[in-house]
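Novice: Sharing a structure with you now.
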Amino acid sequence: MHIVIVGGGAGGLELATRLGRKLGRPERANITLVDKNATHIWKPLLHEVATGVLDAGIDAVSYRAHARRHGFQFQQGAMADVNRQARTITLAAINDDRGREVVGERTIEYDYLVLALGSSTNDFGTPGVAEHCIFLDAPAQAERFHQRMLNGFVRLDASRDASLLRIAIVGAGATGVELSAELHNAAQWLSAYGLPNISRERLQVCLVEAGPRILPALPERLSGKAHRELVKLGVNVRVATRVAAAEAEGLRTSEGELLEADLMVWAAGIKAPDFLANIAGLETNRINQLVVKPTLQTTEDFRIFAMGDCAACTMADGKNVPPRAQSAHQMASCVYDNLLAIMASRPLKAFVYKDHGSLVSLSRYSTVGSLMGNLTRGSMMIEGRLARLMYISLYRMHQIALHGWLRTGLLSLSEKIGRVVRPRLKLH
């Protein structure tokens, strides 16, 4: 049996790792992971890559090295098509930075296919966003923001006037809020690394949200707490403000006001990749997500599973499973169990989403969130040191799923050593 997993995000890589250990090493099945990138970064940490707090060159997981260690194969490339009759997927050719072909178009056969393609930012067709705003969907985009931010601060440090670096962020979900706080942390560190004229006072961050409050996934009390913390840092929080267009000079609101900005980030809303909308006759919804049965098999083909942000899975209350890292993790476990059940000719189980709460980190300034589930027998709002500890533990759990307890412990120790021998901020 050949199982092909397309997408090496949190859920896809965890699934490939578990299947590789269980089926790949004993040669009970061939497991292949496909991703257009060569390395993996946990997506909730991309705002730290953008500000330089996290160095993707050091902290990223190499798919090839990880595949060798855990008993699966890796193929780099972007999926271009699915042929359900022949049970094949087509990978587009890979070209280098000079346009020369590195690897040509390829076809991979499968017995079962798992699509874990994640999501991209949804600009809702807002004029000018694609041209003037940066999305934080992938490490390359985060690195692009990082370079522009550094250039902006260096330019600001050399100036002799009272100019500011103006950064506008659209969308006050977790990404927008965490990025807003992390930017102020970055400004403080840069002032200690040879840019003495940089301070938080010379950074102007505007966080724009169309809804009535920030962090709508959190209880109102915690949302309010985060709002007050951001204002204390100096962030200009604009709620109930709809962006009508992005221009070279800044964001134009629906009221006609221009929010001037040197650097703009769009973090409002998500959608599955556009090419999924018309692929292989599979059923999709309005944001290109693949509609799945309770078993996470697509409605049109029992040999194709979908999971994570690219899957539209309906819960008991009629709503879809939210696009979160914990959802991808839980779906990976369900698909893993169902693939093993298929091999053993056992009935497949339905996916049941368990909401364990949400946590949002305001850099080193604060952390807020809510916990839900068996631990709290309901819900519990947390903040401060406990919330920060729980926030860090989410990433550790992901690392444990990939590397096991021992290697995760060693990675944690390596990070602590790194804080001593490396700068606290990536400066290049």
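Novice: Within the chain, what's the longest run with no GluC sites (Glu not before Pro) in a DSSP loop and at most 15 other beta-carbon atoms within 10 Å? Give the range, please. If you can, show how the numbers build up before the last one.
Specialist: On the way: sites that count: GLU27, GLU105, GLU249, GLU255, GLU257, GLU283, GLU300.
That gives 106-248 as the longest site-free run.
Novice: Of PRO196, PRO139, GLY250, which is farthest on the positive side of the dipole of segment 129-266, counting Cα position, with +1 on Lys and Arg Cβ, -1 on Asp and Glu Cβ, and the Cα centre as origin?
Specialist: Positive-most Cα among the choices belongs to PRO196.
Novice: May I pose another question? Could you put ILE58, ILE270 in order, starting from the residue whose Cβ has the fewest other Cβ atoms within 10 Å? Display every interim value, and only then the final one.
Specialist: Values: ILE58 11, ILE270 19.
Lowest to highest Cβ neighbour count: ILE58, ILE270.
Novice: Tell me which of TRP42, GLY20, GLY118 sits at the most positive position along the dipole axis of segment 1-144, charges placed on C-beta atoms (Lys, Arg +1; Asp, Glu -1).
Specialist: Comparing the listed Cα positions along the dipole, GLY20 ranks first.
Novice: Sticking with this structure for a sec: Filter LYS225/LYS416; LYS36/LYS349; LYS232/LYS416; LYS225/LYS271; LYS319/LYS354 down to the pairs with a C-alpha to C-alpha distance above 24 Å, please. Let's see the in-between values first.
Specialist: On the way: LYS225/LYS416 30 Å; LYS36/LYS349 31 Å; LYS232/LYS416 29 Å; LYS225/LYS271 29 Å; LYS319/LYS354 13 Å.
Listed pairs above 24 Å: LYS225/LYS416; LYS36/LYS349; LYS232/LYS416; LYS225/LYS271.
Novice: Taking θ = phi - 60°, what integer Hz values does the Karplus form 6.51 cos²θ - 1.76 cosθ + 1.60 yield along segment 319-332, in sequence order, with x for Gly and Pro?
Specialist: Karplus values, whole Hz, x for Gly and Pro: 8, 7, 4, x, x, 10, 4, 5, 5, 4, 4, 5, 5, 4.
Novice: List the residues, sorted by chain then number, that are 5 or more residues from ALA245 or on another chain and whose placed amide H is less than 5 Å from its amide H.
Specialist: Correct list: ARG252.
Novice: Which cross-chain or sequence-distant (5 or more) residues have an amide H under 5 Å from the amide H of SER358, H modelled 1.01 Å from N in plane?
Specialist: Here SER370 satisfy the definition.
Novice: What translational diffusion coefficient, to the nearest whole µm²/s, does the chain have by Stokes-Einstein, given a Kirkwood radius computed over alpha-carbon pairs, a temperature of 25 °C and 0.890 mPa s viscosity?
Specialist: On the way: Rh = 22.8 Å.
It diffuses with D of about 108 µm²/s by this estimate.
Novice: Given +1 on the Cβ of Lys and Arg, -1 on the Cβ of Asp and Glu, and no further charges, what dipole in debye does the chain carry about its Cα centre, rounded to the nearest 20? Kindly include the intermediate steps, with their values, before the conclusion.
Specialist: Working: 50 positive and 41 negative charges, 329 e Å.
Taking the Cα centre of the chain as origin, the dipole is about 1580 debye.
Novice: Once phi is turned into ³J(HN,Hα) by the Karplus curve 6.51 cos²θ - 1.76 cosθ + 1.60 with θ = phi - 60°, what whole-Hz value does each residue of segment 136-150 show in order, with x for glycine and proline?
Specialist: Here the 3J(HN,Hα) series is 10, 9, 8, x, 4, 5, 5, 5, 4, 4, 4, 5, 5, 5, 4 Hz.
Novice: Would you work out which of LEU389, ALA130, TYR336 lies farthest towards the positive end of the dipole of the chain, given +1 charges on the beta-carbon of Lys and Arg and -1 on that of Asp and Glu, about the Cα centre?
Specialist: Projecting each Cα onto the dipole axis, the largest value belongs to LEU389.
Rule-based calculations on the coordinates, nothing more; no lab input. All values reported here derive from a predicted model rather than from experimental measurement. Please note: Cβ atoms are built from the backbone with ideal geometry, for glycine as well, and neighbour counts cover all protein chains shown.
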